[in-house]
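Peer 1: After the C-alpha cells below, expect a handful of questions from me.
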Amino acid sequence: MTPAKQLRIAIENCEIPHPLFLEHFKPLRQRIEDAIDGRASRIERVMGPSRVGKSMLTNALRRAFPETKVDGRRNVPVLVVPLESPLSPLQLPASVIDALGLPVPRSVTTGALRARMLEQLKLANTRVVIFEEASHLVELGARIPPRSAGDWFKTLADSNNRTVFMFGVPRLERLFECNEQLRMRASARRLLMPYDSRVTEHMEAFHTCAATYASRFAESGFPIDLPAAALTYQCYLLSGGLIGVLGRFMQELASQMANEPPRMLSFADCKAAADTIESAGSPRFPAFENPEASLAEVPAAALHQAFVQVMNDNDLPVPIIRERAGGVQ
C-alpha cells in the first residue's frame, strides 16, 4: 500500500471525540443503556446544522451497541433509520423495515405495514430507534402533516416501551411545535452546535481537532507546511466551526495526494483542496486566499463572521456572550 493510500485511509477513518461531541454522546449512551435495562421510554431530539457531526454521533451510538446473536436469534438493540424526502405514511414504517435489512411488502395498507414493523422490531429486540434526517418531515412538500407525523413517533415510543431518537437540522423543532403531546413527552431539545470562535475553550478544542488531522498527514509522510495556529485559523474561516466541514477539507486534501509521493504540503495544496468543497464560512473572509496573510493571526471579527454565517444559514440565533477568544497557542 502506498503512503498516499495509507494517508487517505487514515484521514477517512479519523473520528475525533471532541468536547461538543462528547457533551451529547455520553448522556445519549446512558439513555440507550436505560432503555436496554427496561426503563421508561424516552423521546430525544438532537438538532444542529448540516456537517456539525450528527452522523458521527449516530454512528458512534450504533457502534457502542452492536447487533449480536442471542441463542441463535438476532438482537438489534439500536437501529439507525435514514429517512428520505419526500416521506409518505407508508414510507415511515417501510424505512424501519428496510433498516432492519428485511424486504418491504408491496401492496399493503399503512396499518398492515405498521403492524409488520412493530412485529419485526420486537423480534429483533430493538430497544432504541434512531431516525436520521427526521427534519424531512417538516420540509415543503412533505406528504405527512406534522401533527400526524408527531403522533406516529409518539405511538412508536409507546409500543413495547421503546426509546426514540430524532436527528435533524433545526427546523425539526417545528414537528414538536405542531404536536403538544409529542412535545410534552419528549426531553428538552439538544443542540449540537459549531464551535464559537469567541469562546477560548471552543477555539482550543477546534485547534486540537485540526492538529489531530495534521498529525495524521505528518505520520504518513505528508506534513502540512503551515504553522499550527495558521492552519487552525484558515480551517475555521472555511468551516465556521463545523467539524464536519473541517473533516471534509482534510479528506479532500488527502485525496489530492493520491498519485503523489510523500512530500511537504504547501499553502497552494490547501487552497486547491478548499476550492473543491463548499465553504460554510463568510464569503467576506474566504479561507486560504492569501499566502502571506495566512501566516498572520486572523482578526477575531473575521473568525466571528464565519460563525455567524453558519448560524444565519440555519436560522439559529447567534449567542450573546462576553468572552472573546485569546487566540490559539
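The numbers here are math on the coordinates, done by the rules we state, and not lab data. Just so we're clear, the structure is a prediction, and the values are computed from it rather than from any experiment. Don't worry about glycine lacking a Cβ; one is built from the backbone with ideal geometry, like all the others, and counts go over all protein chains shown.
Peer 1: So between Ser187 and Asn312, what do we pick up on full extension, going 0.36 nm a residue minus the alpha carbon distance? Spell out each step's value before the answer.
Peer 2: Details: separation 125, 0.36 × 125 = 45.00 nm, distance 2.57 nm.
Working it through step by step, the gained length comes to 42.4 nm.
Peer 1: Could you work out how far apart the two model spin labels at Cys14 and Asp71 are, taking each label as a point 7 Å from the Cα in the direction of the beta carbon, and quote it in nm?
Peer 2: 4.7
Peer 1: Of the trypsin sites (Lys or Arg not before Pro) in segment 1-94, which ones lie in a loop per DSSP and count no more than 15 other C-beta atoms within 10 Å? Each step should come with its number before you reach the end.
Peer 2: Working: sites: Lys5, Arg8, Arg29, Arg31, Arg39, Arg42, Arg45, Arg51, Lys54, Arg62, Arg63, Lys69, Arg73, Arg74; in loops: Arg39, Arg42, Arg51.
Answer in residue order: Arg39.
Peer 1: What's the local net charge at Ala35, with K and R +1, D and E -1, over the other residues with C-beta under 12 Å away? Write down the numbers at each step before the final one.
Peer 2: Numbers: positive: Arg29, Arg31, Arg39, Arg42, Arg127, Arg162; negative: Glu33, Asp34, Asp37, Glu44.
That sum, taken over residues with Cβ under 12 Å, equals +2.
Peer 1: With Cβ to Cβ distances under 15 Å as the rule, what net charge do the other residues near Ala230 carry (K, R +1; D, E -1)?
Peer 2: Within the 15 Å Cβ shell, the charges total -4.
Peer 1: Test of understanding: in a Gaussian network model of the chain with alpha carbons linked when under 10 Å, which of Tyr213, Tyr195, Tyr233 would top the mean-square fluctuation ranking?
Peer 2: Result for the chain, Cα springs under 10 Å: Tyr213 fluctuates most.
Peer 1: Test of understanding: in a Gaussian network model of the chain with alpha carbons linked when under 10 Å, which of Gly38, Gly101, Gly281 would top the mean-square fluctuation ranking?
Peer 2: Gly101
Peer 1: Using DSSP H assignments, which helices in the chain have an axial alpha-carbon span of 24 Å or above and a mean Kyte-Doolittle hydropathy of -0.5 or higher? Could the numbers behind the result be given before it?
Peer 2: Values: long enough: 19-36 (26 Å, -0.31); 200-219 (28 Å, -0.33).
Within the chain the helices that satisfy the rule are 19-36, 200-219.
Peer 1: Each label point is 7 Å from the Cα along the Cα-to-Cβ direction; what then is the distance between the points at Ile277 and Thr2, in nm?
Peer 2: Inter-label distance under the simple model: 2.2 nm.
Peer 1: Let me ask something additional. Among Leu137, Leu102, Leu83, determine the one that fluctuates most according to a GNM of the chain built with springs between C-alpha atoms less than 10 Å apart.
Peer 2: Leu102
Peer 1: Another question, if that's okay. Using the crude model of +1 on Lys and Arg Cβ and -1 on Asp and Glu Cβ, and no other charge, please compute the dipole size for segment 195-313 relative to its Cα centre, in debye to 20.
Peer 2: Values: 6 positive and 14 negative charges, 12 e Å.
Using only the charged Cβ atoms, the result is roughly 60 debye.
Peer 1: Separate question: Each label point is 7 Å from the Cα along the Cα-to-Cβ direction; what then is the distance between the points at Arg171 and Ala64, in nm?
Peer 2: Going from the Arg171 label point to the Ala64 one covers 3.0 nm.
Peer 1: While we're looking at this one, here's another question. Ranking request for peptides 14-23, 300-309: highest mean number of other beta-carbon atoms within 10 Å first, then the rest in descending order. Don't skip to the answer; put the middle values down first.
Peer 2: Working: 14-23: 15.5, 300-309: 19.7.
Ranked by mean Cβ neighbours within 10 Å, highest first: 300-309, 14-23.
Peer 1: Rank the residues Cys209, Cys270, Cys178 as a footprinting-exposure proxy: fewest other Cβ atoms within 10 Å of their Cβ go first. Can you show the working numbers first?
Peer 2: Numbers: Cys209 22, Cys270 27, Cys178 17.
Lowest count first: Cys178, Cys209, Cys270.
Peer 1: In the chain, if the dipole is taken from +1 on Lys/Arg beta carbons and -1 on Asp/Glu beta carbons about the Cα centre, which of Cys270, Gln6, Leu175 is farthest to the positive end?
Peer 2: Looking along the dipole axis, the top candidate is Leu175.
Peer 1: Okay, next question. So if we plug the beta-carbon distance of Arg143 and Glu219 into 1/(1 + (r/R0)^6) with R0 = 56 Å, what FRET efficiency do we get, rounded to 0.05? Please list the in-between numbers first.
Peer 2: Numbers: r = 49 Å, r/R0 = 0.88.
After rounding to 0.05, the efficiency reads 0.70.
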